[in-house]
Structures are given as structure tokens and as C-alpha cells.
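Notes for the one structure printed next.
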Amino acid sequence: MAHEAETDESARADETRDVVTGADGAPAPQGEGSAEPFQRRVVSFVRRSSHLDDRMQRMWDENAPEFLLSIPNGGRDLSVDPDFRFTTGFVRREWGNDHPLIVEIGTGQGENIAAAAARDPQTNYLALEVYDPGVAHTLLKAGNGKLHNLRIAQVNAPELFAVMEPGMLEEVWTFFPDPWPKMKHHKRRIVQPALAHDVHEALRAGGVWRIATDIDDYALHVHEVMDSAPGFVNDGTREVSLAVEHVGKGDAGRAAELPHAMFRESERFDGRVLTNFERKGLDAGRTIHDFTYRAV
Ligand SMILES: C[S@@+](CC[C@H](N)C(=O)[O-])C[C@H]1O[C@@H](n2cnc3c(N)ncnc32)[C@H](O)[C@@H]1O
């Protein structure tokens, strides 16, 4: 466990270097033929060294056998073996039923997915998170709440979507993804056309991808990726004005002077509890952008 949750401060401080990393977060070898393609992808997180304190380690050890999925990783920490298939059969074996499955990408401390699992025992929930402390807190919530419909997988989420059985998911949630504010880091934002393709494949017809962000520039990014994503319709019902050019870190104030256009977004998803990320956005006076993209 050599990495820790990127707190909102550290994520938003954005002090990472612009490197292409392997699935394990280490700089990928750049020499010709020195890495397979899936090792060279740009990932949406950086690894930091850390350890769990004794109490959290104990909680992890107690709860992991029931709630932490073992996903083949092809020998690469946080990765998913491209030959593995995440199927309805796997879900039936792990959850013990055929209930609808909702997946949250980047669950942080697990507040949302644990609250949803407690509220709705007839739905299965899967939390995807890379950082040990976030996984540990989610395991703790699952154990304390006896949330037998919740599982956690500690994987780089896009890699799991790449191996999912088509049409198997009810919903996908991505709330307050790491903003990667510097222009040169926008490519690290987790909402990307390739993930949109894989999420679309994994959703049943009529299933939805719910996204929320408090960063206007990320909202523009979501519209750019998703409003034209093949097979999705934007279910939004409210009109929101956004600058139509990107601004980088420290430059957000300039957005007001840029040309604006109207975009369609959703009302706040009432299935979402208020986490620190949303609260901090509200306290800072930022608009919360909610999106609902329906697979058709
Ligand atoms: C800003 S936090 C938001 C957490 C939570 N959704 C909330 O609203 O409180 C973003 C989370 O996404 C996780 N994350 C980033 N990239 C990820 C990836 N590729 N796979 C899984 N989790 C990822 C980070 O570790 C972090 O915990």
C-alpha cells in the first residue's frame, strides 16, 4: 500500500509533473518497444507514498475478505488484466444475485456509494477507487453498515470498463472528478472519449452516466466530450451559460470576458449526498454542474 488518497487540496494544488505514467503510476519507459500500449496511457491520478495507520489497517484486514473484489491485474498494481472479463456471471458469483449494478468511478471516502447502498438494498453497487485511504474508509463503511450489496475494487477505473460485458450496468456515477486545472493536464481528466465509448458499451439501453463538477472549465470539457459522444443523449433540462474557451489554472477569472454559450445540464441529482468536494465548491460560490447522459 504505497500510495495515498489525493486530498482535494493536493489534487487541486495540482503539483504533479506532466508525465505519461504506467498503470502503476510510475513513469512509463519511453524507449521504442519498451512498454506495451496499455502501460503507456495517461492516467487521471498520481501515486503518492503513504501507509494506513494501525486502526485503518485493522479495519481493512477485517472487511476486505467480504467487500474488496480481487480483480486480476496482470502483475501491475491498480491495473486490470486485459484478458479478464467483468461479466454478469462474475457479479452473480460475487454479489450472490442478479440485481441491477451501479458503478461509481472515483468514490473518494465512499460517502455516496455507501449511502446509496444503505438506501437501496435491492441494487448492487461497485466502488472504484485507487487510493488506499479512500478504499479503507469505504471498506469501513461497508463493514459497519453491513452493506452486503456493496463491493470495492481498487483499480484504475477505465481499465475495468474496457473489459466489461456489454449492457450489464444500470448507471455509472462520476462525482467531482479531479479537476486537473493546468491546460497541459486537461488530457488527464477522467472524462474522455475512450471512456465514454466504454461506459456506453457497459450501460444497458436507457442506462445513464451521471457526472457532477464544481469547476466551470471541467463542465465545458464534459460538454465537449459528451454532448457529441456517439450513442448518448443529454437528458439535461436546465440551461447553463459557460465560456466556450478553456482557461487554465490561475486564469479562471478570465472566463467572464470570453464568449459564452448556453448548454443543457441537469438538476442536482437527489441521490447524491453532500461530500466535502461539493461543499467546498458551494462555499467558494462556484456553480455545481450536474449532467445526465442516457445511453440510447
Ligand atoms: C476529487 S475526488 C472526489 C471523490 C468523491 N467522488 C466525492 O465527490 O467526494 C476524485 C477521486 O477520484 C479518484 N480517481 C482518480 N482517478 C481515478 C481512476 N483512474 N480510477 C479510480 N479512481 C480514480 C481519486 O483517487 C479521488 O479519490
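Annotations for the structure displayed:
- Number of residues in segment 159-178 that are near the ligand (Cβ under 10 Å from one of its atoms) and either surrounded by fewer than 21 Cβ atoms within 10 Å (Cβ to Cβ) or among the β-branched types (Val, Ile, Thr) (or both) equals 1.
- Taken over segment 270-280, residues that are farther than 19 Å from Asp178 by Cα and surrounded by 13 or more Cβ atoms within 10 Å (Cβ to Cβ) amount to 1.
- Counting only residues that are assigned to a loop (DSSP other than H, G, I, E, B) and more than 15 Å from the ligand (Cβ to nearest atom), segment 273-296 holds 3 of them.
- Screening segment 161-272 for strands (runs of 3 or more DSSP E) wholly inside it with 1 or more residues that are under 24 Å from Ala116 (Cα atoms) returns the ranges 169-175, 203-213, 232-234, 260-265.
- Among the residues examined, Val296 does not qualify as surrounded by fewer than 17 Cβ atoms within 10 Å (Cβ to Cβ), under 20 Å from Glu104 (Cβ atoms), of a type in the set (A, V, I, L, M) and modelled with pLDDT of 95 or more.
- If you check Asn234, Asn149, Asn156 for being surrounded by fewer than 21 Cβ atoms within 10 Å (Cβ to Cβ) and either at negative phi or out of contact with any Leu (no Cβ under 8 Å at 6 or more places or on another chain) (or both), only one passes: Asn234.
- Only residues that are in a helix (DSSP H, G or I) and touching a residue at least 40 places away in the same chain (Cβ under 8 Å) were counted across segment 58-71, and they come to 7.
- Filter pass, Pro100 being modelled with pLDDT of 95 or more, more than 9 Å from the ligand (Cβ to nearest atom) and touching an Asp or Glu at 6+ places or on another chain (Cβ under 7 Å): yes
The values are calculated or read from the model by the stated rules, or taken from the named source; none is laboratory data. Values in this document were obtained by computation on a predicted structure and should not be read as measured data. Glycine also receives a Cβ, built like all others from the backbone with ideal geometry; neighbour counts cover every protein chain displayed.
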